[in-house]
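Quick notes on the structure that follows.
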Amino acid sequence: MAVELLKGNEAIAEAAIRAGLEAYFGYPITPQTEILEHMARRMPDLGRAFIQAESEVASINMVYGAACTGARAMTSSSSPGISLMQEGFSYIACSEVPCVVVDVMRGGPGLGNIDPSQADYFQVTRSAGHGDFHAIVLAPASVQEAIDLMVEAFDLAEKYRTLVFVVADGLLGQMMEPAQLPPMKPVHKNRPDWALTGAVNREPNIITSLELNAPALEEVNLRLQAKLAEIRKHEQRWAELWTDDAKLVVVGYGMSGRIAQTAVKQARREGMKVGLLRPISLWPFPEKRLSTLADQVDAFLVIEMNAGQMVDDVRLSAGGQVPVSFYGRMGGVVPVPEEIYHEITTLYEKLTSGE
Amino acid sequence: MTAVEALVEEQIVYQRPESLLEVPTHYCPGCTHGIAHRIVAEVLDELGVRERTIGVSPVGCSVLAYKYFNMDGAEAAHGRAPAMATGIKRVMPDHVVFTYQGDGDLAAIGIGEIIHTATRGENITTIFINNAIYGMTGGQMAPTTLPGQRTTSSVTGRDVETTGFPIRMAEMLAGMTGSAYVVRRSLHNVKEINRAKQAVRVAFQAQLAGLGFSMVELLSSCPTNWGMSAPEAMKWIEDNMVPYYPLGDYKVADAVQPLLKRK
């Protein structure tokens, strides 16, 4: 496959198709509508299912239905649309149906705006719906990584029978950069044994999130929690740079991590021992690596495009061993490397002046 | 003739359909859900499609319908059964997919989903149980509660000045171009039950022929929440519901017409 100049949203859509996506259901919302448009062009040509639904509520329930048959199904949306889908996420999580959801976040709260934001970190990692559950959350920082993670998202969803979010922001969705798409995978027609395929020579399969008996529902929850513990153990993902001798590690995910990288690089040029850790899985959070780094560094600086959400996870991982500072912009404002560089130098001077 | 031979000679004239499981239901005495389940099961048996049917249960009294039907099934969120059924049908077009929904589920919280499913001409069948009340939550006003009808949330009777008017869903969905077959029947006596079964059969046949959306609305009883005996409830359907919700065929697409002539 050749390297092409690709737009984030279209690359995400095409990567999903090549990963064997069998059904897409969505509703237009900026800044992710190109995903829906790409699906509208491509899916019918391939003989696969595409519906522009009447709402995000309908979209996620169509995904739920299609996924109940063992088909690879997904939807995509942006913050306000994701809020509307939360009921469905909860049902999907409880009934353990593999589904993939792309969330290209925008400024909020409310209708907010259509500019890049990371203000929905809590929503996807903590409160994607009612009840006790987490989804796997993957956060790419480039068009290439978005492509790679889309493919992986389907494999993870099926491996753990879980909901997987791929979260980007409007910046990644709208930007173009060179990237390579994967080869086309055919739609897999072999259905798992739990799927709704018609009860031929077997007992009926039922997909439900209802369990009226309290001890039995606790059992369901214990099973879900055991699965989440497995995911937490095996699926923590991150990227890091210049952390070997770092006194200060900057932590940022997605585009804020990528912008922070420019600032960290500048600080390194100036001789400061600064490193970068970029979480790729937001849930499970790379707590193991952060916790190890907490033994080595003097401080963490968290960069986000929100009022400070992932910073809580960094503090939990640091376990009070070292101070954790935060710098963020909100409302769709994207920080520039100079701002982050200023934060780094101010903090670094404080850390080293005491020596 | 020995006793055993006599048994062999017996002809079975009535038995549980294969599409229904041999389990007790949680439905109240006098509730017509059992009749509606049985009609659907008999039709699926007669059409020989049980093994390729997927049912979608709603939220409401029939939330556990999947425990009574002997076929693959899913339990949808409140009102979302048509969306879920759409997702299933689009990836399993050769399967028979139906939703079984009450009036709160279909006519209140899920009205958007059912309208768009109908207008897309989604090739699924909906069994719509209209008993003019929220049964499972204990008898609150439904979108189909009749004017003046007392419920726990319309304690002096439904006041149309403040709560609006009951929705006639069959008439509304018949207006969708994508609808192939939309009719209203009742379950209050044997004659109507037989007519209801005919309609359920045509609805599934329309789906099997790929003709588009089909819905059978069934006027149903809720003696518990209506505060009536079972016979009183049946009479109440006839005296009060049928006049507001006239029985009849509201949409029979041209392509469906030949199905009506078949016995």
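A quick yes/no check of all residues on (1) at pLDDT below 95; (2) open to solvent by 40 Å² or more (accessible area, probe 1.4 Å):
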{"position": "A:ALA2", "(1), (2)": "yes, yes"}
{"position": "A:ALA16", "(1), (2)": "no, no"}
{"position": "A:PHE25", "(1), (2)": "no, no"}
{"position": "A:ILE35", "(1), (2)": "no, no"}
{"position": "A:ARG41", "(1), (2)": "no, yes"}
{"position": "A:ALA66", "(1), (2)": "no, no"}
{"position": "A:ALA73", "(1), (2)": "no, no"}
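Within the stretch A:162-182, does at least one residue satisfy the condition of being open to solvent by less than 40 Å² (accessible area, probe 1.4 Å), in contact with a helix residue (DSSP H, G or I) (Cβ under 8 Å, 6 or more places away or on another chain), assigned to a helix (DSSP H, G or I) and assigned by TED's automatic domain parsing to the domain that holds A:ILE29?
Among the residues of the stretch A:162-182, at least one is open to solvent by less than 40 Å² (accessible area, probe 1.4 Å), in contact with a helix residue (DSSP H, G or I) (Cβ under 8 Å, 6 or more places away or on another chain), assigned to a helix (DSSP H, G or I) and assigned by TED's automatic domain parsing to the domain that holds A:ILE29, which makes the answer yes.
Of the conditions (1) β-branched (Val, Ile, Thr); (2) in contact (Cβ under 8 Å) with a residue 40 or more places away in the chain; (3) under 25 Å from A:PRO109 (Cα atoms), A:VAL3 clears all except one; give me its number.
Every listed condition holds for A:VAL3 apart from (3).
Yes/no matrix, rows are residues, columns are (1) in contact with a helix residue (DSSP H, G or I) (Cβ under 6 Å, 6 or more places away or on another chain); (2) open to solvent by less than 40 Å² (accessible area, probe 1.4 Å); (3) basic (Lys, Arg); (4) not in a loop (DSSP other than H, G, I, E, B):
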{"site": "B:GLN149", "(1), (2), (3), (4)": "no, yes, no, no"}
{"site": "B:PHE165", "(1), (2), (3), (4)": "no, no, no, no"}
{"site": "B:HIS188", "(1), (2), (3), (4)": "yes, yes, no, no"}
{"site": "B:GLU192", "(1), (2), (3), (4)": "no, yes, no, yes"}
{"site": "B:LEU218", "(1), (2), (3), (4)": "yes, yes, no, yes"}
{"site": "B:ASP249", "(1), (2), (3), (4)": "no, no, no, yes"}
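Those residues that are among the aliphatic types (A, V, I, L, M) and more than 7 Å from every other protein chain (Cβ to nearest Cβ), I need them from the stretch A:58-72; list them, please.
A:ILE60, A:ALA67
Tell me, yes or no, whether the stretch A:90-99 has at least one residue that is on the phi > 0 side of the Ramachandran plot, assigned to a loop (DSSP other than H, G, I, E, B), in the same structural domain as A:LEU196 (by TED's automatic domain parsing) and among the acidic types (Asp, Glu).
Looking for residues that are on the phi > 0 side of the Ramachandran plot, assigned to a loop (DSSP other than H, G, I, E, B), in the same structural domain as A:LEU196 (by TED's automatic domain parsing) and among the acidic types (Asp, Glu), one finds at least one in the stretch A:90-99, hence yes.
Determine whether A:GLY88 is touching a residue at least 60 places away in the same chain (Cβ under 8 Å) and either within 14 Å of chain B (Cβ to nearest Cβ) or surrounded by fewer than 24 Cβ atoms within 10 Å (Cβ to Cβ) (or both).
No: the conditions fail for A:GLY88.
For the list (1) at the interface with another protein chain (Cβ under 10 Å from one of its Cβ atoms); (2) assigned to a helix (DSSP H, G or I), I need the number of the one condition that B:ALA108 fails.
Result: B:ALA108 fails condition (1) only.
Please determine, by comparing only the residues of the stretch B:198-209 that are in contact with a helix residue (DSSP H, G or I) (Cβ under 8 Å, 6 or more places away or on another chain) and open to solvent by 40 Å² or more (accessible area, probe 1.4 Å), which one is nearest to B:GLY148 (Cα to Cα).
Looking at residues that are in contact with a helix residue (DSSP H, G or I) (Cβ under 8 Å, 6 or more places away or on another chain) and open to solvent by 40 Å² or more (accessible area, probe 1.4 Å), I get B:ARG201.
With the requirement that a residue be touching a helix residue (DSSP H, G or I) at 6+ places or on another chain (Cβ under 7 Å) and either free of Cβ contacts under 8 Å to residues at least 60 places away in the same chain or assigned to a strand (DSSP E or B) (or both), what does the stretch A:24-42 give you?
Selection gives A:TYR24, A:PHE25, A:GLY26, A:TYR27, A:PRO28, A:ILE29, A:HIS38, A:MET39, A:ARG42.
Conditions (1) in contact (Cβ under 8 Å) with a residue 60 or more places away in the chain; (2) open to solvent by less than 10 Å² (accessible area, probe 1.4 Å), marked per residue:
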| site | (1), (2) |
| --- | --- |
| B:LYS89 | no, no |
| B:VAL96 | yes, yes |
| B:ARG120 | yes, no |
| B:PRO143 | no, no |
| B:ARG158 | no, no |
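Of everything in the stretch B:1-40 that's at pLDDT below 95 and part of a helix (DSSP H, G or I), which residue is surrounded by the fewest Cβ atoms within 10 Å (Cβ to Cβ)?
Here the residue is B:ALA3.
Under the condition of being over 17 Å from B:THR137 (Cβ atoms) and in a helix (DSSP H, G or I), which residue from the stretch B:45-64 is farthest from the other protein chains (Cβ to nearest Cβ)?
Going through the qualifying residues, I end up with B:GLU46.
I'd like the full set of residues that are over 18 Å from A:TYR27 (Cβ atoms), open to solvent by less than 40 Å² (accessible area, probe 1.4 Å) and not in a strand (DSSP E or B), limited to the stretch A:100-123.
Within the stretch A:100-123, A:GLY107, A:SER117, A:GLN118, A:ALA119, A:TYR121 qualify.
Which condition number in (1) within 14 Å of chain A (Cβ to nearest Cβ); (2) part of a strand (DSSP E or B); (3) within 29 Å of B:ALA233 (Cβ to Cβ) is the one that B:ALA74 fails?
Of the numbered conditions (1) within 14 Å of chain A (Cβ to nearest Cβ); (2) part of a strand (DSSP E or B); (3) within 29 Å of B:ALA233 (Cβ to Cβ), the odd one out for B:ALA74 is (3).
The values are calculated or read from the model by the stated rules, or taken from the named source; none is laboratory data. No experiment lies behind these values; they were computed from the predicted model shown. No Cβ is skipped: glycine too gets one built from the backbone with ideal geometry, and neighbour counts run over all protein chains shown. Just so you know, the surface numbers come from the protein's heavy atoms only, side chains and all, with ligands and any DNA or RNA stripped out. Shrake-Rupley method; radii C 1.70, N 1.55, O 1.52, S 1.80 Å.
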